[in-house]
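Structure record follows, encoded as structure tokens.
The values are calculated or read from the model by the stated rules, or taken from the named source; none is laboratory data. Because the structure is predicted, anything quoted here is derived from the model rather than measured. With ideal geometry, Cβ positions are generated from the backbone for all residues, glycine too; neighbour counts draw on all protein chains shown. Surface areas here come from the heavy atoms of the whole protein model, side chains and all, with no ligands, DNA or RNA. Shrake-Rupley method; radii C 1.70, N 1.55, O 1.52, S 1.80 Å.
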Amino acid sequence: MLDLLIKNANLPDGRTGIDIAVQDARIVEVRPAITASSHETIDAGGQLVSPPFVDAHFHMDATLSYGLPRINQSGTLLEGIALWGELKPQLTHEAIVERALAYCDWAVAKGLLAIRSHVDVCDPRLLAVDALLDVKKRVAPYLDLQLVAFPQDGVLRSPGAFGNLERSLDKGVDVVGGIPHFERTMADGTESVRMLCELAARRGLRVDMHCDETDDPMSRHIETLAAQTVRLDLQGRVNGSHLTSMHSMDNYYVSKLIPLMAEAQVSAVANPLINITIQGRHDTYPKRRGMTRVPELLAAGVPVAFGHDCVMDPWYSLGSGDMLEVAHMGLHVAQMTGQEAIRACFTAVTQTPAKILGLEGYGIAPGCNADLVLLQARDPVEAIRLRATRLAVIRRGKVIAESPGATASLTLPGRPRSTSFQRWE
């Protein structure tokens, strides 16, 4: 007897009327009209069943700290960094853990079951590192948390940061991070990329750098990151996050840069909610949108994911852990409004970030982990349009979160008594 059988599901790849059989926490069969008996059966009713959402770029050490110790009045990146510096001495292990666990509750409710979080290592106490390693263990039964050793103040600019970063890796942090554009000089930024990539190569780790998060078209550390990736045989293990300077770069230079990234198999993570909020702050009009060149990167074969980046922290006062909200903003900023482009935005918060994180057993196929989300939508396009309700969130074959369907009651003459906002009822 099966543990779980999901009937009559639509899948992100366009298949409809599909059943999904689950046994021992894994998917064992995916096809129409499975007749086996099961302990639990869920009728999807022609709604979309997706693998869980994945956030490839987040800052969990700062999440839900909005207003502490004060509010970012300018809304700028640099004031946010300064504010975080003011907050760090006031942080406690318990407070970081409490806020992070609360955010993970939100994430699970939204079907977000894997997060890559950067954690600041410039505090010699490594307080945030220890706190998030604690959180990682505590949420492991229901959420995959991957940590990046992130030298927020610059690995060369901040005294002792490189040693702190190595110590954090020794403690169990998963990925090597960096922020080359925040070093004091362009040369220091280049040197930091070399040092950090060599460290990752020695330890056999992945790399994820905040790279060129600026409006300056001359900030070109992604070029260095791609070159070091090839030099050190790190292909497929390196990601550049933000890359907002590409929005302002000369088209001729970009025509060289993107093929270099593709050759190096470097992936990219754009953060639409934050990029559109923080970039272009020095512009009057016209204002730059700031987000990196998502359609062009995708067309060249560069994997691109969307990240949430921030939720209610020194840099961003909004957010709820909803990756469909992230995809919704991403498609608007990138003008990806064609049907296939919208589907690519759905992939950018599911399959692509799962590959960037190196998640094993991800997907809807026999042998994959039975991690699934039932959405109140017929397909990925409708899911993004509606920021669809997560009717059920499943982890290893067990329902761990449920929400009632979104409907509105109507009292209109000659019209239906309710609507769920879906195109086909």
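What is the sum of charges, Lys and Arg at +1 and Asp and Glu at -1, for the other residues whose Cβ falls under 15 Å from the Cβ of Pro159? Don't skip to the answer; put the middle values down first.
Details: positive: Lys88, Arg125, Arg157, Arg167, Arg184; negative: Asp120, Asp123, Asp153, Glu166, Glu183, Asp188.
Here the charged neighbours net out to -1.
Using equal-weight Cα scatterers in the Debye expression, the normalised intensity of the stretch 1-107 in log10 at q = 0.18, 0.20 Å⁻¹ is -0.85, -0.99.
Modelled label positions at Thr35 and Met1, each set 7 Å beyond Cα in the direction of Cβ, lie 1.9 nm from each other.
The stretch between Tyr252 and Glu296, if pulled fully straight at 0.36 nm per residue, gains 14.5 nm over its current Cα-Cα span. A cut-off under 10 angstrom between Cβ atoms defines the neighbours of His242, and their net charge, with Lys, Arg +1 and Asp, Glu -1, is -3.
Annotation: extensible slack from Thr92 through Asp105 equals 2.7 nm (criterion: 0.36 nm per residue apart, minus Cα-Cα distance). Rg and Dmax, both from the Cα atoms of the chain and both in Å, are 21.7, 71.
So what's the net charge close to Ala21: Lys and Arg +1, Asp and Glu -1, counting the other residues with Cβ under 12 Å from its Cβ?
Details: positive: Lys7, Arg26, Arg31; negative: Asp3, Asp19, Asp24, Glu29, Glu40.
Local net charge: -2.
Full extension of the segment from Ser418 to Ile71, taken as 0.36 nm per residue of separation minus the current Cα-Cα distance, would add 120.8 nm. Carbon-plus-sulfur accessible fraction, the chain (probe radius 1.4 Å, protein heavy atoms only): 52%. Of the peptides 77-87, 362-372, 141-151, the order by per-residue mean of other Cβ atoms within 10 Å, starting with the highest, comes out as 141-151, 362-372, 77-87.
Taking all protein chains into account, the per residue accessible area for the stretch 223-281 stands at 34 Å² (1.4 Å probe).
Each of Asp134 and Asp13 was given a label point 7 Å from its Cα along the Cα-to-Cβ line. The distance between the two points is 4.3 nm. Between the listed residues Val294, Gly177, Ile115, the Cα displaced farthest toward the positive end of the dipole of the chain, a dipole computed from Cβ unit charges relative to the Cα centre, is found at Val294. Sorting 54-62, 383-391, 67-75 by average packing, meaning the other beta carbons within 10 Å per residue, from highest down gives 54-62, 383-391, 67-75.
The distance separating the Cα centre of the stretch 168-190 from that of the stretch 107-127 comes to 16 Å. At an R0 of 41 angstrom, the distance between the Cβ atoms of Ala187 and Ala408 translates into a FRET efficiency of 0.10. Accessible area per residue for the stretch 48-177, computed on protein heavy atoms with a 1.4 Å probe, is 33 Å².
When peptides 373-382, 156-165, 4-13, 93-102 are sorted by average Cβ neighbour count within 10 Å, with the highest value leading, the order is 373-382, 4-13, 156-165, 93-102.
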